[in-house]
Structure formats: structure tokens, C-alpha cells
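Here's the structure, in C-alpha cells; my notes come after.
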């Protein structure tokens, strides 16, 4: 199960909770693309418990595209770093 909540406070923060796999990427991509250009966007991953390879690749692309990954679990950070190297 995946839950995505949106909050604003000078920036848009999407909090992602639960398990995220390729099936959920379309929904998150739609939410991210619906935000105004030039708007500061962050993904809070504190409560993200399980991801697949497609999700890690997507998160790496988000970060490369100036979307900040907040509270990124160590195993996801390591996976993104390995994928880049």
C-alpha cells in the first residue's frame, strides 16, 4: 500500500509512505508534473518502507532534476548512489 500526501510551506512537499513499485510511479509522476514550473519540490521519504529497481531509478532522476529527497532511508540512498556509479 502506498500513501502520498501533499503539503506546502514555501515549497511543495510530497510525503511518500509505504511500499512503492513501478505501478505507483505513474501516479507520483502525474502529481509532480502538475506542480507549477519553478516551484521548489521535495519528496519526504521517511516512511517509505520498500521500493523496487524502477522506483530507485525514478528517485535518482528526480534528484538529478532538482527535486530534493528528504529523509531518504539509507538503503535507498545507497542504491541510488550505486546506480549512478
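The values are calculated or read from the model by the stated rules, or taken from the named source; none is laboratory data. All values reported here derive from a predicted model rather than from experimental measurement. Glycine gets a Cβ as well: all are built from the backbone with ideal geometry, and neighbour counts include every protein chain shown.
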### Task
Note down all Cβ pairs under 7 Å where the first residue falls in segment 20-45 and is within 15 Å of residue 65 (Cα to Cα), the second is in a helix (DSSP H, G or I) and at pLDDT 90 or above, and they're at least six residues apart or on different chains.
41/32; 43/62
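The rows are residues; the columns are (1) in contact with a helix residue (DSSP H, G or I) (Cβ under 7 Å, 6 or more places away or on another chain); (2) buried (at least 17 other Cβ atoms within 10 Å of the Cβ); (3) in a loop (DSSP other than H, G, I, E, B); (4) at pLDDT below 95.
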| position | (1), (2), (3), (4) |
| --- | --- |
| 15 | no, yes, no, no |
| 18 | no, no, no, no |
| 24 | no, yes, no, yes |
| 27 | no, no, no, yes |
| 31 | no, no, no, yes |
| 38 | no, no, yes, yes |
| 43 | yes, yes, no, no |
| 54 | yes, no, no, no |
| 58 | yes, yes, no, no |
### Summary
For segment 2-13, the count of residues that are crowded, with 16+ Cβ neighbours inside 10 Å and out of contact with any strand residue (DSSP E or B) (no Cβ under 7 Å at 6 or more places or on another chain) equals 0
### Task
Please go through segment 1-13 and pick out each residue that is modelled with pLDDT of 90 or more and part of a loop (DSSP other than H, G, I, E, B).
11
### Message
Residues to consider are 78, 83; find the one that is loosely packed, with under 13 Cβ neighbours inside 10 Å, at pLDDT 95 or above and over 12 Å from the mean Cα position of the chain (by Cα).
### Response
78
